[in-house]
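Data first, discussion second: the structure below is written as structure tokens.
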Amino acid sequence: MTLLRQIYYSFPVRLAVLHLRSHLILLVVWAILAAFSAGLAGKFFGMHYLMLTPEYHGLVNFWSFFISGIAFGGLVMVWHLTTYLLCSNRFPFLATLGAPFTKYCLNNSLVPMGFLAVWLVCTTWFQWHDELTSSREIAWNIAGFMLGTGFTSGIFAAYFHLTNKDIFNLQWTPRLGCRVLFRQRLPSVQDIQIGVTRWRVDTYLTERCHSRLVRSVSHYDPKVLEQVFRQNHWNAVVVLIVALFLLMAQGIFMENEWARIPAGATVFLLAGIVMALYGAIRFWFRQWGTAVFLSVILAVDVLTGWGLFNYRNRAYGLDYTRETRAPYDYKAFEKIATPQHIQADKAATLQILENWLAKNRSAENPKPKLVLVCASGGGHRAALWTMQTMQKADIATGGKLLRQTVMITGASGGLLGAAHVREAMLRHAQGDRLAPQDPALLEDMGKDLLNAVSFAVIANDLFFPISSFNSGNFSYRKDRGYLFEHQLNENTHGFFSRKLAEYREPEQKATIPMLLASPFILNDGRRMLISPQGVSYLMQPEAGRLSAQMEIDGIDFGRFFAAQQADSLAFSSAMRMSCTYPFILPNVWLPTQPSVEALDAGFRDNYGIGLAVRFVHVFKDWIRENTGGVVLVQIRSWDKIHTIATSDDKGVIEALLTPAEAAGGNMTDIQDFEQDNAVALLNDAMGGNMLEVVRFHYRPVRKNREASLSFHLSRREKLDIFEAFYTGDNQASVKALKQVLKSGD
């Protein structure tokens with residue numbers, strides 16, 4: 001019992017107890033980081049490997065770990081500085097020690113050391129199992145992390161050694177029975193022994209990790225003690241402010257590759273900012289801290305809502321001049337979806353179909369199958385899976401898949417991957433030696449996109465974006481949306497650098513398939529139909545004499561934003577609007593009055609089936625007369641049938657959240673049900689054997705180890721995606737596709 005009491009009343013343990021009682025938010029930050037590292041939270045989005053295998057300049061190596069170690073060292077020092085500001089006055093004996101802040105840091109290290117232990121175990125396992133890294137490389141990487149942590153700690157230690165003063169540097173006169181900060185009575189030796197003080201401490205650790213007895217401070221002048229604390233506190237505040245301004249200044253260089261630090265490092269920096277802000281509010285406002293914090297949040301929301309200190313992300317190339325903004329209302333939609341516009345757009349698309357037919361018809365095959373590719377959303381894994389499937393299936397069918405594809409629809413990462421293959425088709429047709437089936441395309445698409453985005457969030461988007469750039473005739477601010485597009489083009493050697501209008505002629509000549517992006521409009525649930533062609537015939541269901549009763553649920557982007565220079569839209573912006581990954585990429589504000597926001601197309605149609613079905617239905621007569629039928633090739637990065645979740649163990653709070661769970665958690669399943677119904681009705685409308693559906697599913701080769709939904713993939717995840725094409729189900733789909741396209745076995 002005596003040993004337990006000695007442990008309990010040691011300074012490290014007492015600090016941990018104080019934090020648990022009074023600084024729970026700070027501990028929650030550490031808990032979240034530990035949960036990310038252990039894969040207990042955010043695993044679905046790949047947070048664990050961002051924490052465990054930092055990537056810098058496309059490589060996971062000593063230097064990427066070193067930079068992450070620097071960031072972690074900064075987080076640890078922010079932890080010490082913040083808690084020192086908040087609770088050092090509860091332990092007046094600190095002011096009597098030489099180098100009080102150094103001793104405080106040493107005794108306050110239980111929490112960060114606990115996190116570090118979790119992180120070391122997790123990163124060692126993850127590097128060996130998921131990144132397939134050798135033991136030597138793992139040791140070298142961890143050494144880099146520890147050296148980075150030591151580097152930051154060393155800089156802070158040197159600064160505080162040179163600037164912090166202790167009681168021995170100040171002149172003082174011993175006094176008896178005096179009081180210290182905030183009129184709290186100093187603990188005497190007798191107080192410590194009988195436990196009268198609120199935060200009793202018997203022992204503390206020295207720099208050599210030796211245990212020392214806490215002595216009475218009652219004979220010290222309280223003004224001198226207060227002077228020591230104030231001077232130490234001021235140094236801590238200066239360091240936090242300087243660090244914050246350095247972070248803001250770094251955002252100026254976010255376009256430079258060297259400045260894009262690993263995503264895991266940015267997570268540590270964000271955690272440090274949260275700690276520092278919490279500590280500042282608690283330090284200055286004490287018991288009013290929570291009220292002030294909530295007031296600040298409310299004030300920020302009101303001010304940014306008025307347009308102050310708030311930059312809303314934009315689609316690059318469009319004119320956002322207030323005087324020219326497009327009116328966004330149902331009357332404006334009806335002006336586009338007129339019979340004249342619909343007839344003209346149908347005629348133009350029929351000419352595209354005729355050009356496609358001329359390209360694919362032969363004496364042996366006078367009625368070729370018309371192919372539509374529908375690629376599902378799903379982050380980076382969907383992009384790689386879609387590309388892998390299109391490339392391999394095209395090789396297996398002797399080039400017929402890509403040649404006979406009329407249109408590509410889909411959402412998010414899947415559409416991104418399909419657009420990459422399509423651009424390769426165009427370049428190859430224009431003389432580029434790189435074929436659309438080349439594995440180099442997969443390697444480019446597999447490169448990290450998350451580091452740049454996460455860095456922009458921390459160093460730029462948390463503050464007001466300062467830097468700007470020009471796209472077309474207009475200037476825009478640089479934020480994480482810009483950096484995503486910049487990094488995407490950098491990874492793919494400019495494959496997404498065209499303007500939307502540059503695809504009009506190649507699509508019209510059927511050199512490449514049409515591609516339709518369809519971001520979701522948050523304000524009213526409609527979708528924006530982005531294509532260089534006129535697609536007003538897709539704005540509402542075609543129902544003959546009942547068409548007037550059908551509500552307009554889509555908007556032809558080109559016609560709607562003609563006055564805002566729709567043709568100048570950066571194609572990378574169109575893709576980003578379609579894959580506006582929640583919380584990672586910003587919602588895109590469009591130049592309308594009132595303003596509306598475009599989000600990920602997956603909110604409305606994660607699989608692209610809805611638009612494909614509508615397209616076939618519009619042109620069913622031509623298809624029946626001129627083709628051998630339609631083949632819907634669905635490339636899914638999500639399984640179609642999922643394990644049914646149980647409700648047996650729901651508590652009261654979980655039960656209250658059930659409606660939200662139904663609205664969001666089952667969204668893609670609901671889409672599946674409705675789209676199966678639409679495909680069945682289309683099959684009936686087409687008649688005969690005019691419709692085939694061939695599905696390719698990404699299912700993890702290694703059970704329960706599926707690739708995460710993120711813009712960053714580990715080496716094992718990439719291998720798993722590549723190997724998934726050769727599973728039995730997908731090889732059966734390859735065989736079925738070859739059969740319907742009559743390519744032979």
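Rule-based calculations on the coordinates, nothing more; no lab input. For clarity, every value in this text was computed on a predicted model and none was experimentally measured. All Cβ positions, even for glycine, are placed from backbone atoms using ideal geometry, and neighbour counts span all protein chains on display.
Enter the Cα centre distance for the pair region 98-129 and region 422-499, rounded to the nearest angstrom. For region 98-129 versus region 422-499, the Cα centre distance is 37 Å. Taking the average, over residues, of other Cβ atoms within 10 Å as the packing measure, peptides 710-717, 263-270 rank 263-270, 710-717 from highest down.
Pulled fully out, how much extra length does the chain show between TYR8 and LYS43, if you take 0.36 nm times their separation in residues and subtract their Cα-Cα distance? Length difference between fully extended and current span is 9.0 nm. Mind checking which lysines have their C-alpha under 23 Å from LYS478, skipping anything on the same chain fewer than 8 residues away? Leaving aside lysines fewer than 8 places away in the same chain, those within reach of LYS478 are LYS447, LYS499. Of ILE721, ILE641, ILE281, the sequence from fewest to most neighbouring Cβ atoms within 10 angstrom is ILE641, ILE281, ILE721. Sequence-ordered 3J(HN,Hα) estimates for region 494-509 from the Karplus curve with 6.51, -1.76 and 1.60 and θ = phi - 60° stand at x, 5, 10, 9, 7, 8, 4, 5, 5, 8, 5, 5, x, 5, 4, 7 Hz, glycine and proline given as x.
By the rule of a C-alpha distance below 19 Å, with chain neighbours fewer than 8 residues away ignored, the lysines paired with LYS43 are LYS703, LYS718. Note that region 81-131 carries a Kirkwood radius of 13.1 Å, evaluated over its alpha carbons pair by pair. Between ALA143 and THR727, the FRET efficiency from the beta-carbon distance, with R0 = 56 Å, is close to 0.90.
Listed by chain and number, the aspartates and glutamates placed with their C-alpha closer than 14 angstrom to that of LYS346 are GLU354, GLU542, ASP556, ASP621; residues fewer than eight positions away on the same chain are left out. Using a cut-off of 20 Å between Cα atoms, the listed pairs LYS392/LYS640; LYS359/LYS509; LYS367/LYS400; LYS400/LYS735; LYS400/LYS738 include LYS392/LYS640 as exceeding that distance.
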